[in-house]
Amino acid sequence: MELCFIGGGHVLKGELDEVLEELSKRIKPNAKVVVVPFATKVSKYNSWMESLVQVFSNISNVTLNLLHEDLNSKEMISMINASDALYFIGGRPEKLLKLIEEKELASSIRKYPGLLIGYSAGALAFCEDCILTKDEDYPESLVMKGLGLVDFSVEVHYNEASDGELFVLSTDRIIYALPDGSAIFYKNGNIHKKVNDVISFLANKKTIV
């Protein structure tokens, strides 16, 4: 299993070009990519899929399949097992994690041998502790149990206004802060590749990775 954590950014504005270049090295032609859209509303599924067609347009013959929440658990697990990569889109991580639990998908995700790509909320959900700093959707900081695929946490759409919260939240855990357009790739217990600015917070220390 390899994990890609994407902090955010707009495809059409070119903010993810360097991240997509790295993804293209890891996704082979004719790959089957399953999109996990649970973090957003069903009404937004089509717009996300249109965006992802653009994301994977530079890789030959990639097939995109949507893991629609109307499918039953058996159907979902079958689609996951037949894929080469899973792409977890952005939105609300608590909604994503709730549906993963309800559909009994956590075990299949944890055992997945391919590439797991998390964009924004998707990246948050991969962590042991899924951390949400204050913004327009969350009036207070929240920490919830994530999928536990890694022992660190990430901050997505990072900007320095969150530093105060991140210093407090990183007292007993490392947090990698990812601005829009940045990403980290993790495999075999290590972050082996980063794209653009990544900042770590641990025990009141802020460090450029």
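A short reminder: the numbers here are calculations on the coordinates, not readings from a lab. If you're wondering where the values come from, they're calculated on a predicted model, not measured in any experiment. As a convention, Cβ positions derive from the backbone with ideal geometry for all residues, glycine included, and neighbour counts pool all protein chains shown.
Structure data summary
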item	result
Debye intensity ratio in log₁₀ form over the Cα atoms of region 44-87, taken at each q of 0.15 Å⁻¹	-0.42
Given charges at beta-carbon only (K, R positive; D, E negative), |dipole| of the chain in Debye	660 debye
Cα radius of gyration and Dmax for region 1-122 (Å)	13.4, 38
At most 16 other Cβ within 10 Å, DSSP loop - trypsin sites (Lys or Arg not before Pro), region 106-138	K111, K134
Crossing angle, helix 45-55 versus the chain [Cα axis fit, 0-90 degrees, rounded to tens]	90 degrees
Hull-based mean projected area of region 55-150, where the convex hull spans the alpha carbons, in square nanometres	6.9 nm²
Förster-model FRET efficiency, 25 Å R0, N190 and V143, C-beta, rounded to 0.05	0.55
Helix-only mean residue ellipticity at 222 nm for the chain, each DSSP H run of n ≥ 4 adding -39500 (n - 2.57), per residue, nearest 500	-7500 deg cm²/dmol
K134 long-range amide H proximity, modeled H, under 5 Å	S141
FRET efficiency for D197 and E50, using Cβ-Cβ distance with R0 set to 35 Å, rounded to 0.05	0.80
Most fluctuating residue given options V33, V154, V198, as computed from a GNM of the chain linking Cα atoms under 10 Å	V198
Inter-centroid distance (Cα atoms) of region 35-64 relative to region 166-183, Å	27 Å
Label assignment, Cα Rg over 2.2 N^0.38 Å derived from the structure, set (1) 1.08; (2) 1.03; (3) 0.96	(3)
Scaled radius of gyration (Cα, divided by 2.2 N^0.38 Å) that region 116-209 gives	0.98
Angle between the chain longest axis and helix 17-26 axis [Cα atoms, degrees, rounded to 10]	60 degrees
Mean Cα-pair separation over length for the chain, i.e. relative contact order, pairs under 8 Å, 6 or more apart, %	25 percent
Anchor K194: lysines whose Cα lies under 18 Å away (excluding residues fewer than 8 positions away in-chain)	K25, K206
DSSP bridge pairs, the chain: antiparallel proportion in percent, nearest 5	50 percent
